[in-house]
Amino acid sequence: MKTRSTLLGYLLIGPSVLLLLVLLFIPLMYSLQISLQDTDLSHGAPRWIGLSGYVDMFKNGELLKIGKHSIVWTACVAFFQVAIGLGAALLLNRKFPLRWLVRVLVLLPWVLPGVIAALTWRLVYDSQFGFLNSLIAKLGFGQHATDWLGTPGLAMFSVILAAIWKGFPFAMLMLLAALQSVPHDQYEASKIDGADGLRQFFHITLPSISGVLKTVIMLVSIWTFNYFEMIYVLTGGGPIRSTHIAPTYIYELSFGHFNFGEASRVSVVSFIFIFLISLILIRQMHKNERN
Amino acid sequence: MMIKRMGSRIMFAVGIAALLFFSLFPFMQMLSTSLKSSDQLFTIPPVWIPKDITLSNFAAALRHQQFADYFLNSLFVSVVTCVLVIIVSVLAAYSFTRLEFPGRKFFLNVILVSQMFCISAIVIPLYKIVSSLGLLNSYPGLILAYMAFTVPVAVWLLRSFMLNIPIDMEESAMMEGASKLQAFIKVIVPILRPGIGATAAYVFLITWQEFLFSLVFMTDPSKRTLPIGIMDFKGQYETNWGTMMAASILISIPVFILFLVIQRQLISGLTEGATKG
């Protein structure tokens, strides 16, 4: 039985709600306000321009380019993090000697501080001293001096690979916990019915972990969209702006050019984008729960 | 049948080996670089296992003047954030799981939705607010910003831990004459201790490695935290990779140990929070 106590209830959630109001929701409103101003230093003092800043921004191709990069980045990283995480979870759900050790080792990338992961990958990708080119040579594909981060077409692939590496253990961790709660007798029953591994996976495993799977997909997508330091350290958005995503672009606009108005416009647009995506995902989750 | 079994075993072993290789490959470079002397660092092609192992990079990292300062700054910010976040979140989680009041669902959703906030969307207004309050380059400013995005996660985790504690336990304590507050302190807090530990550790892990806010708010070099401080080794003209990787290892070890300790608790909190939405 829950106790009915309005005053105490509000009192106890008060600090958290107040904190979020002051530190998240009010700043968001403030962002909205700044986004309606022209703050380009070369135009003199900031002035009110209403929505025309947004119109100009959409006409200017840069936002579309950044948006495209952000979507490619988020979709690829989130998809492969979850896919590899699921594969790893299925492997590690089987019993084998030294399983605990393998589990700990596989978790290391996720626990490694983000900047350090980025710095390490920078070294791995180095065209001369990096182990990646050396690995390719060792595998017998001849000497390579590929500049993984400096080649425009390749840089996006490189940062995506590093980000997948950094985050897949989180998906694995959550999915592994979900797999362990799947009742064992269901598998026994389906074995008697003659179902093979693949059928078992689609008819028993996947439905039972779908709740956690959806939460993981949502969290991972949002985190990836906001993931700043990997790209900031690896490429800084280059070469020729081919890896700029929303957070790095916002950083460049605000703290490189001090154009807070334009940066806020990008923030507001990315906020709305994230918000809509989460809304769709959450509705999807609730719909499935009811069925 | 036998052959099929052998085949699946081999496939399984290959899968595990591939997984391990993928996860550990960058660590090999990290470790190898940190153990090489400076003249071995830049041989082409790179040597994977250094011939003469040297610890001089570790010594250099520890001797680096600001390293200890950065470490203490990071420790201070993370510990204070943890304590404050836990106090605020335990209260909220108690309220959400044990009390009934109008708007409970609404406020719970507000807190849960805050997790989905686009961090880069609030960095600018927060920067402006913090700077107009004169809190740039001050720890309170950074700690406040960290609280904004760790409180939602902490409430989420603690709520899922508290849902697992049967209400009967408090009720029986209250029958024996304890007040609601006494029942909370005497019954719930002791059972919740592992959950609080896991949540605190998670908050610690997030703040210990936070990058963007620290980069923007702390422009004074002496106030920097470790994640920004480590960029020092990336000199203006040439990066001192050996020392940088040694420093990276030193920074990561406490994190790894902390994580190993809280792993089990953390996972159960995260997954239950995910299923009991």
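May I ask you to list the residues in region B:170-189 that are assigned to a helix (DSSP H, G or I) and either more than 11 Å from chain A (Cβ to nearest Cβ) or buried (at least 18 other Cβ atoms within 10 Å of the Cβ) (or both)?
Within region B:170-189, B:Glu170, B:Ser172, B:Ala173, B:Met175, B:Gln182, B:Ala183, B:Phe184, B:Ile185, B:Lys186, B:Val187, B:Ile188, B:Val189 meet the criteria.
Scan A:Ile209, A:Ile272, A:Ile240 and give me the residue that is part of a helix (DSSP H, G or I) and open to solvent by 30 Å² or more (accessible area, probe 1.4 Å).
A:Ile272
Residues that are over 30 Å from B:Thr150 (Cα atoms) and open to solvent by less than 70 Å² (accessible area, probe 1.4 Å), at least 3 per element: which helices (runs of 4 or more DSSP H) completely within region B:37-112 meet that?
Ranges flagged: B:56-63.
Name every residue in region B:212-227 that is over 14 Å from B:Ser74 (Cβ atoms) and of a type in the set (S, T, N, Q), in order of residue number.
B:Thr219
With open to solvent by less than 10 Å² (accessible area, probe 1.4 Å) and at pLDDT 85 or above as the only criterion, which of B:Leu126, B:Leu144 stands out?
That would be B:Leu126, the only listed residue that is open to solvent by less than 10 Å² (accessible area, probe 1.4 Å) and at pLDDT 85 or above.
Report, ordered by the first and then the second residue, all pairs with beta carbons closer than 9 Å, sequence separation of six or more or different chains, a first member in region A:148-172 that is closer than 29 Å to A:Leu90 by Cβ and buried (at least 21 other Cβ atoms within 10 Å of the Cβ), and a second member that is of a type in the set (Lys, Arg) and modelled with pLDDT under 90.
The qualifying pairs are A:Met172/A:Arg103.
Taking region B:205-236, which residues are open to solvent by 40 Å² or more (accessible area, probe 1.4 Å), assigned to a helix (DSSP H, G or I) and either touching a helix residue (DSSP H, G or I) at 6+ places or on another chain (Cβ under 7 Å) or closer than 16 Å to B:Leu258 by Cβ (or both)?
Within region B:205-236, B:Ile206, B:Ser222, B:Lys223 qualify.
Which one of these does A:Phe201 not meet: (1) within 15 Å of the chain's Cα centre (by Cα); (2) open to solvent by 10 Å² or more (accessible area, probe 1.4 Å); (3) at pLDDT below 90?
Answer for A:Phe201: the failing condition is (1).
State the number of residues belonging to region A:115-145 that are open to solvent by 30 Å² or more (accessible area, probe 1.4 Å) and not in a helix (DSSP H, G or I).
Of the residues in that region, 8 qualify.
To keep it simple, each residue is scored yes or no on (1) part of a loop (DSSP other than H, G, I, E, B); (2) under 24 Å from B:Ser114 (Cα atoms); (3) at the interface with another protein chain (Cβ under 7 Å from one of its Cβ atoms); (4) touching a His at 6+ places or on another chain (Cβ under 6 Å).
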residue: A:Leu7; (1), (2), (3), (4): no, yes, no, no
residue: A:Tyr10; (1), (2), (3), (4): no, yes, yes, no
residue: A:Ile13; (1), (2), (3), (4): no, yes, yes, no
residue: A:Ser16; (1), (2), (3), (4): no, yes, yes, no
residue: A:Val22; (1), (2), (3), (4): no, yes, no, no
residue: A:Ile26; (1), (2), (3), (4): no, yes, no, no
residue: A:Ala45; (1), (2), (3), (4): yes, no, no, no
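Which count do you get for residues in region B:113-148 that are in contact with an Asp or Glu (Cβ under 8 Å, 6 or more places away or on another chain) and either within 7 Å of chain A (Cβ to nearest Cβ) or assigned to a loop (DSSP other than H, G, I, E, B) (or both)?
1
Would you confirm, using the coordinates I've provided, whether B:Leu157 is modelled with pLDDT under 90 and outside any helix (DSSP H, G or I)?
no
The values are calculated or read from the model by the stated rules, or taken from the named source; none is laboratory data. Predicted model, so just to flag it, every value in this text is computed and none were measured. A quick note on method: Cβ atoms are made from the backbone with ideal geometry, for glycine too, and the neighbour counts reach across all protein chains shown. Note: accessible area is taken over every heavy atom of the protein model, side chains too, but ligands, DNA and RNA are not part of it. Shrake-Rupley method; radii C 1.70, N 1.55, O 1.52, S 1.80 Å.
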